[in-house]
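Engineer: One structure follows; several queries about it will come next.
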Amino acid sequence: MTIQTQRQTARYKDFYINFDAHPVRKDLYVLEDTDSIKNAIKNILFTDPGERFFAPYFGGGIRASLFENITNNTAYIIQKQVEISIENFEPRANLIRVVVTPYEDQNAYAITVVFSTINNPNPTTFNTMLTRVR
């Protein structure tokens, strides 16, 4: 008798941040795999350090850069902050590349994060716009 071991890939599941109920099943929406990691990256980027109780260092800290002049230097600072925060707070993602593009006319930055998950070497892309509110 031979015993075969199957290597199962790790699956990641998180609740959707709104805690909305599914209309048919009446349970919470669940984000899986790369969608879960994309949501976690978004939460990291849009959280400032000191904003969460009992986690004073958690967050991207990029909101302060929005009130600087929109230049390539500021885009580089945001890029480095994004890289450091993802490496520190999202262990499920292997960061490949971060690209920050400034848009002076819209007063915004486009952020593109390319990563792979630990169990899947295929790259995944996460895009978001970082704009100043007020």
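Engineer: Of the residues that sit in the stretch 58-87 and are free of Cβ contacts under 8 Å to residues at least 12 places away in the same chain and under 15 Å from the mean Cα position of the chain (by Cα), which one is nearest to Ile111 (Cα to Cα)?
Structural biologist: Taking the candidates together, the pick is Lys80.
Engineer: Got at least one residue in the stretch 49-58 being surrounded by 14 or more Cβ atoms within 10 Å (Cβ to Cβ) and under 21 Å from Thr112 (Cβ atoms)?
Structural biologist: Within the stretch 49-58, not a single residue is surrounded by 14 or more Cβ atoms within 10 Å (Cβ to Cβ) and under 21 Å from Thr112 (Cβ atoms).
Engineer: I would also like to ask the following. Restricting to the stretch 85-125, count the residues that are among the hydrophobic types (A, V, I, L, M, F, W, C), out of contact with any strand residue (DSSP E or B) (no Cβ under 6 Å at 6 or more places or on another chain) and surrounded by 14 or more Cβ atoms within 10 Å (Cβ to Cβ).
Structural biologist: 1
Engineer: Inside the stretch 25-56, can you point out the residues that are out of contact with any Leu (no Cβ under 8 Å at 6 or more places or on another chain), part of a helix (DSSP H, G or I) and of a type in the set (A, V, I, L, M, F, W, C)?
Structural biologist: Ile37, Ala40, Ile41, Ile44
Engineer: Has the stretch 114-131 got at least one residue that is closer than 14 Å to Lys42 by Cα, among the polar types (S, T, N, Q) and at pLDDT below 90?
Structural biologist: Yes: one or more hits.
Engineer: Return the total of residues in the stretch 32-43 being surrounded by 18 or more Cβ atoms within 10 Å (Cβ to Cβ) and touching an Asp or Glu at 6+ places or on another chain (Cβ under 7 Å).
Structural biologist: Residues that pass the stated criteria total 4.
Engineer: Now a separate question. Does Val100 qualify as being touching a residue at least 12 places away in the same chain (Cβ under 8 Å) and of a type in the set (Val, Ile, Thr)?
Structural biologist: yes
Engineer: Check Val99, Val133 and return the single one that is under 14 Å from the mean Cα position of the chain (by Cα) and more than 20 Å from Phe58 (Cβ to Cβ).
Structural biologist: Val99
Engineer: Something else about it: Exactly one of (1) farther than 30 Å from Arg11 by Cβ; (2) buried (at least 18 other Cβ atoms within 10 Å of the Cβ) is unmet by Gln81. Its number?
Structural biologist: (1)
Engineer: Okay, next question. Are there any pairs with C-beta distances below 8 angstrom linking a residue in the stretch 119-134 that is farther than 27 Å from Asn107 by Cα to a residue that is surrounded by 13 or more Cβ atoms within 10 Å (Cβ to Cβ), with the two at least 6 apart or on different chains, and if so which?
Structural biologist: Asn120/Asp33; Asn120/Thr34; Asn122/Ser116; Pro123/Val114; Pro123/Phe115; Pro123/Ser116
The values are calculated or read from the model by the stated rules, or taken from the named source; none is laboratory data. All values derive from a computational prediction rather than experimental measurement. Cβ: placed from backbone, ideal geometry, glycine included. Neighbour counts: every protein chain shown.
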